[in-house]
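Novice: My questions all concern the structure below.
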Amino acid sequence: QVQFVESGGGLVQPGGSLRLSCVASRSIFRIINMGWYRQAPGQQRELVASITSDGNTNYADSVKGRFTISRDNAKNTAYLQMNSLKPEDTAVYYCNKRFPTVSDSWGQGTQVTVSS
């Protein structure tokens, strides 16, 4: 089992930026395709961005051009750079495998609030 710990969230004004980090508990991270997800109040969790083990990326249409996912396998860490943030980006952000199974646990997430 690999566990993930998210950090980097906070309160930011519209148009601002944040960088989220996701640290994995094991070095097997380097072969895992990763995803960043978010869940807003009253809504289902959704995939925001994903990155394969060799760095190929994909984004939800709602964040394309504003968010960038990356990874540093030497540090067992994935990142989500978020620019031009909008109020509708407000959510708890999680990282996990790209296709998590029921046996893959979710971390606490990190709260991102975009508000003036």
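The values are calculated or read from the model by the stated rules, or taken from the named source; none is laboratory data. This is a predicted model, so every value here is computed, not measured. No Cβ is skipped: glycine too gets one built from the backbone with ideal geometry, and neighbour counts run over all protein chains shown. Side chains are part of the model used for accessible areas, which takes the heavy atoms of the whole protein and leaves out ligands, DNA and RNA. Shrake-Rupley method; radii C 1.70, N 1.55, O 1.52, S 1.80 Å.
Novice: Could you work out what % of the accessible surface of the chain is carbon and sulfur, using a 1.4 angstrom probe and leaving DNA, RNA and ligands out of the count? Please report the intermediate quantities before stating the final value.
Specialist: Numbers: 2880 of 6210 Å².
C and S atoms contribute 46 percent here.
Novice: Next up: With +1 on each Lys and Arg Cβ and -1 on each Asp and Glu Cβ, how big is the dipole of the chain about its Cα centre, in debye rounded to the nearest 20?
Specialist: Numbers: 12 positive and 8 negative charges, 40 e Å.
Roughly 200 debye for the chain.
Novice: Please calculate how many Å² of accessible area the chain carries per residue, with a 1.4 Å probe and no DNA, RNA or ligand atoms counted. Intermediate values should be presented prior to the final figure.
Specialist: Details: 6210 Å² over 116 residues.
Value for the chain: 54 Å² per residue.
Novice: DSSP loop (so not H, G, I, E, B), at most 14 other Cβ within 10 Å: list which trypsin sites (Lys or Arg not before Pro) in the stretch 1-64 pass both filters.
Specialist: On the way: sites: Arg19, Arg26, Arg30, Arg38, Arg45, Lys64; in loops: Arg26, Arg45, Lys64.
Loop-located and lightly packed - Arg26, Lys64.
Novice: Something else about it: Size of the dipole of the stretch 1-68 about the Cα centre, Lys and Arg at +1 and Asp and Glu at -1 on the beta carbon, nothing else charged, in debye to 20? Write down the numbers at each step before the final one.
Specialist: Details: 7 positive and 4 negative charges, 18 e Å.
Roughly 80 debye for the stretch 1-68.
Novice: Let me ask something else. Projecting each Cα onto the charge dipole of the chain (Lys/Arg +1, Asp/Glu -1 at the beta carbon, about the Cα centre), which of Val23, Gly10, Asn73 comes out farthest on the positive side?
Specialist: Of the options given, the answer is Asn73.
Novice: Right, something else. Treating cross-link reach as a plain straight distance, find the lysines whose alpha-carbon is under 24 Å from the alpha-carbon of Lys97, omitting any fewer than eight places away in the same chain.
Specialist: Result set, ordered by chain and number: Lys64, Lys75.
Novice: While we're looking at this one, here's another question. Taking Cα pairs under 8 Å and at least six residues apart, what relative contact order does the chain come out at, in percent?
Specialist: Values: 274 pairs, mean separation 43.2, N = 116.
Relative contact order, the chain: 37 percent.
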